[in-house]
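Colleague: Pasting a structure below so you can have a look.
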Amino acid sequence: MSFAIETKGLGMVFRTDWAGKKRALENLNIQVQANEIYGFLGHNGAGKTTTIKILSGICHATEGSANIFGVPVNKIHSRTKIGFLPENLYFYEYLTAEESLEFYGRLHGLSSREARSRITEILEDVGLRDVGKNQIREFSKGMKQRLGVGQAMIHDPDLYILDEPLSGLDPMGRREIRDKILFLKEKGKTVFFSSHVLADVEMICDEVTLLSKGQVVSSGKLEDLLLNKVTSAKLVATSLSAQVIETLTKMKVSIVEKSGETNIHLETEEDANKAKEIIESGGGKLRELILHRDNLEDYYIRQVKGEHHESANNSSK
Amino acid sequence: MKVLIIAQNSFREAIRDRVLRVILGVSLLVIVCSSIIGEISLGEELKMILDLSLGAIDLFGVILCTFIGAALIQKEIEKKTIYTLLARPIHRWEFIFGKYIGMVLTLAVSVFIMGTVLCVFYILMGGTFNINMIGAVFMLFMGLALLNAISILFSCMASSTVSSIATIAVFLVGRSTHHLKSMAIVNDNPIFLKVTMFAYYLLPNFNNFNFKSNAFYSLSISGEMYLYSTVYALVYSFFVLLLASFIFEKRNF
């Protein structure tokens, strides 16, 4: 069975001027299963957009290979199954929304009649039915983004490649796009998208790849990466005797008195349970026990920091 | 056919562009105003009107190629509309040829409007219609179609400003290629002769499309002349567009 996306040793080196070269991507190996939501994460300049441009035929990779449903990306046939939404999408401003969608639909081989019937459906779907005959230059940013999603859907592709679909949108707009991505998955589609809005990614992705400086830092299913492990805990208690505080101080904790309450910060779940017992047996009142688990942002920062340390150590050797 | 879909879209976009309307409006104004200048030249008013009007069609056609044609590809790159196009199942050469045909259609409509206004105005001013006027306008159009291919080639390689300057430069050189031949004849140096003759045959010869004097003096343009100039424009444009497609194919965006 072929993967929706498969890359092997994918790399890209750009020429910056006559003699200079800049590496944007190195040895990328990913496999995206069909009907999966795949997050491609990284800071600005990490290599996300370069990868997406290679997959959609806008850039030619200098190393390795990439296939879309088994078809190499340098064959135009590979793009028949892709719906692509670039970052900061621009349209032909003098065309109307309907003309624009018809144009893209016909490039995918739809007849004028087929395209027109799809247009009605899509404009309804993305909430632009009433402005279909308006020129795009009259549209707001949010409307353009919705039309952008519409143009990616025009030929009902099996794979959606979305570059930063959530950036620059207000909370309502982000939610709309998130819901649309989940809806596409329900319809059996595959969604591959890049983002640096990690909270959104965590909510909807099945699998992620973290990228930094053109290299993969980490990759896998979200539940495998985050492990549901407690990374810190906080207890809030009142009426603690001096003896209880003394016992707690002997543990690996930090204690802060605030507004008549004692805030106790611990590192592990075991320590939190132990502290709870001490407080309760010593006559104190436990108000709150908060276990903090690793989220994607924590995980990402830790991974990228770890990579920085490693590269700093290597360079100092 | 995807080339024609891109051409249709390109034409639709260009025809709604305000720049085109402004250029076309000014050119029509110049044609109409040519009667004022015509009055200065005693007894030659009609010839003056024809001369100035054909000159206006030529000049504004070149301006169209320079400002709209030369920016055609770069505008797609700078405005990033190219991303949504290249991510479709189209060959890059289809994009180049489609943009070219779209722009040629725009030129055809513009030249047709200017030519019609010229003929109507000329007749209203008391002139007698002669078929060579249409022939001269058609030839100017073929020259502009070739210039448009050259502007697209530059647009694939450089920024809009550089492409515009390069397009004007090629046009001016292309109008003076006969000087290259003359220079080669008067110079005895065989290397110089080879270089100048090579440049003469390589550079586009825009004099092949200049039949304005035929219109002034009601000299008929032979079928051979039409055929030669048309085939020259088509073949030259085809190879220029092939080169543009080759360059464009290698580019990353």
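The values are calculated or read from the model by the stated rules, or taken from the named source; none is laboratory data. This structure is a prediction, so every number in the text was calculated from the model and none was measured. Note that each Cβ is placed from the backbone with ideal geometry, even for glycine, and that neighbours are counted across all protein chains shown.
Colleague: For the subset of the stretch A:51-85 comprising residues that are of a type in the set (S, T, Y) and more than 9 Å from chain B (Cβ to nearest Cβ), which member is nearest to A:Q145 (Cα to Cα)?
Modeller: Taking the stretch A:51-85 as the starting set, the residues that turn out to be of a type in the set (S, T, Y) are A:51, A:56, A:62, A:65, A:78, A:80.
Subset that is more than 9 Å from chain B (Cβ to nearest Cβ): A:51, A:62, A:65.
Numbers: A:T51: 21, A:T62: 31, A:S65: 31 Å.
Out of the qualifying residues, it is A:T51.
Colleague: Which one of these is part of a loop (DSSP other than H, G, I, E, B), away from every other protein chain (no Cβ under 13 Å) and on the phi > 0 side of the Ramachandran plot: A:N27, A:N35, A:N44? Spell out how you get there, then give the answer.
Modeller: Details: A:N27 fails: part of a loop (DSSP other than H, G, I, E, B); A:N44 fails: on the phi > 0 side of the Ramachandran plot.
The unique qualifying residue is A:N35.
Colleague: Assess whether A:A115 counts as being within 10 Å of chain B (Cβ to nearest Cβ), among the aliphatic types (A, V, I, L, M) and not in a strand (DSSP E or B). Give the steps one after another, and end with the answer.
Modeller: On the way: within 10 Å of chain B (Cβ to nearest Cβ): no; among the aliphatic types (A, V, I, L, M): yes; not in a strand (DSSP E or B): yes.
No, not satisfied.
Colleague: Name the residue, out of A:L248, A:L211, A:L225, that is within 30 Å of A:R23 (Cα to Cα) and part of a helix (DSSP H, G or I). Step through it out loud before you land on a result.
Modeller: Values: A:L248 fails: within 30 Å of A:R23 (Cα to Cα); A:L211 fails: part of a helix (DSSP H, G or I).
Result: A:L225 is the single residue among A:L248, A:L211, A:L225 that is within 30 Å of A:R23 (Cα to Cα) and part of a helix (DSSP H, G or I).
Colleague: Right, here's the next one. Condition test on A:K234, is it modelled with pLDDT under 85 and within 32 Å of the chain's Cα centre (by Cα)?
Modeller: Details: modelled with pLDDT under 85: no; within 32 Å of the chain's Cα centre (by Cα): yes.
For A:K234, the condition - modelled with pLDDT under 85 and within 32 Å of the chain's Cα centre (by Cα) - is not met.
Colleague: Show the residue pairs that are 6+ apart or on different chains and have beta-carbon atoms under 6 Å apart, the first residue being within the stretch B:76-91 and facing chain A (nearest Cβ under 7 Å), the second being surrounded by fewer than 16 Cβ atoms within 10 Å (Cβ to Cβ).
Modeller: Pairs that qualify, where the first residue is facing chain A (nearest Cβ under 7 Å) and the partner is surrounded by fewer than 16 Cβ atoms within 10 Å (Cβ to Cβ): there are none.
Colleague: Here's another thing I want to ask about it. With the requirement that a residue be surrounded by 15 or more Cβ atoms within 10 Å (Cβ to Cβ) and of a type in the set (G, A, S), what does the stretch A:102-125 give you?
Modeller: Hits for the stretch A:102-125 are A:G105, A:A115.
Colleague: Could you pull out the residue among A:E280, A:E297 that is surrounded by 11 or more Cβ atoms within 10 Å (Cβ to Cβ), in a helix (DSSP H, G or I) and modelled with pLDDT of 80 or more?
Modeller: Numbers: A:E297 fails: modelled with pLDDT of 80 or more.
Being surrounded by 11 or more Cβ atoms within 10 Å (Cβ to Cβ), in a helix (DSSP H, G or I) and modelled with pLDDT of 80 or more holds for just one of A:E280, A:E297, which is A:E280.
Colleague: Something else now. Applying the selection to the stretch B:161-182, what residues are in a helix (DSSP H, G or I), surrounded by fewer than 16 Cβ atoms within 10 Å (Cβ to Cβ) and free of Cβ contacts under 8 Å to residues at least 24 places away in the same chain? Spell out the reasoning first.
Modeller: Within the stretch B:161-182, the subset in a helix (DSSP H, G or I) is B:161-174, B:177-182.
The next check asks that each one be surrounded by fewer than 16 Cβ atoms within 10 Å (Cβ to Cβ); those that pass are B:161-162, B:165, B:169, B:172, B:178-179, B:181-182.
Answer for the stretch B:161-182, where residues must be in a helix (DSSP H, G or I), surrounded by fewer than 16 Cβ atoms within 10 Å (Cβ to Cβ) and free of Cβ contacts under 8 Å to residues at least 24 places away in the same chain: B:T161, B:V162, B:I165, B:A169, B:L172, B:H179, B:K181, B:S182.
Colleague: From the list B:L140, B:L105, B:L146, B:L153, which residue is under 14 Å from B:I57 (Cβ atoms) and assigned to a helix (DSSP H, G or I)?
Modeller: Working: B:L105 fails: under 14 Å from B:I57 (Cβ atoms); B:L146 fails: under 14 Å from B:I57 (Cβ atoms); B:L153 fails: under 14 Å from B:I57 (Cβ atoms).
Result of the check over B:L140, B:L105, B:L146, B:L153: B:L140.
Colleague: Continuing with this model, one more query. Might you check whether a residue that is more than 23 Å from A:K305 (Cα to Cα), aromatic (F, W, Y) and without any contact (Cβ under 8 Å) to a residue 60 or more places away in the chain occurs anywhere in the stretch A:176-184? Spell out the reasoning first.
Modeller: Taking the stretch A:176-184 as the starting set, the residues that turn out to be more than 23 Å from A:K305 (Cα to Cα) are A:176-184.
From what is left, the residues that are aromatic (F, W, Y) are A:183.
Narrowing the set further to residues that are without any contact (Cβ under 8 Å) to a residue 60 or more places away in the chain leaves A:183.
Within the stretch A:176-184, one or more residues are more than 23 Å from A:K305 (Cα to Cα), aromatic (F, W, Y) and without any contact (Cβ under 8 Å) to a residue 60 or more places away in the chain.
Colleague: Among (1) in contact (Cβ under 8 Å) with a residue 12 or more places away in the chain; (2) within 14 Å of chain A (Cβ to nearest Cβ); (3) surrounded by fewer than 24 Cβ atoms within 10 Å (Cβ to Cβ), which single condition is B:A56 missing?
Modeller: (2)
Colleague: Next question. Look through the stretch B:204-233, keep the residues that are without any contact (Cβ under 8 Å) to a residue 40 or more places away in the chain and assigned to a loop (DSSP other than H, G, I, E, B), and return whichever of them is nearest to B:S176 (Cα to Cα).
Modeller: B:N205
Colleague: Any residue at all in the stretch A:7-18 that's in a loop (DSSP other than H, G, I, E, B), touching a Phe, Trp or Tyr at 6+ places or on another chain (Cβ under 9 Å) and more than 14 Å from chain B (Cβ to nearest Cβ)?
Modeller: Taking the stretch A:7-18 and keeping what is in a loop (DSSP other than H, G, I, E, B), we get A:16-18.
Among the residues that remain, those that are also touching a Phe, Trp or Tyr at 6+ places or on another chain (Cβ under 9 Å) are: none.
No, every residue in the stretch A:7-18 fails to be in a loop (DSSP other than H, G, I, E, B), touching a Phe, Trp or Tyr at 6+ places or on another chain (Cβ under 9 Å) and more than 14 Å from chain B (Cβ to nearest Cβ).
Colleague: Here is a further query. Could you grab me the full set of residues in the stretch B:1-32 that are at pLDDT below 80, within 14 Å of another protein chain (Cβ to nearest Cβ) and assigned to a helix (DSSP H, G or I)?
Modeller: Once the filter is applied, which keeps residues that are at pLDDT below 80, within 14 Å of another protein chain (Cβ to nearest Cβ) and assigned to a helix (DSSP H, G or I), the stretch B:1-32 yields B:R18, B:V19, B:L20.
Colleague: Still on this structure, I have one more. In the stretch A:253-270, how many are out of contact with any strand residue (DSSP E or B) (no Cβ under 7 Å at 6 or more places or on another chain) and either in a helix (DSSP H, G or I) or not acidic (D, E) (or both)? Before the answer, list the steps.
Modeller: Here is the first cut: in the stretch A:253-270, the ones out of contact with any strand residue (DSSP E or B) (no Cβ under 7 Å at 6 or more places or on another chain) are A:257-259, A:270.
Imposing the further condition that a residue be either in a helix (DSSP H, G or I) or not acidic (D, E) (or both) reduces the set to A:258-259, A:270.
Going through the stretch A:253-270 one residue at a time, the tally reaches 3.
Colleague: Based on what the data block shows, is A:G109 touching a Pro at 6+ places or on another chain (Cβ under 9 Å), under 27 Å from A:A4 (Cα atoms) and either more than 9 Å from chain B (Cβ to nearest Cβ) or among the small types (G, A, S) (or both)?
Modeller: Working: touching a Pro at 6+ places or on another chain (Cβ under 9 Å): yes; under 27 Å from A:A4 (Cα atoms): yes; either more than 9 Å from chain B (Cβ to nearest Cβ) or among the small types (G, A, S) (or both): yes.
Yes.
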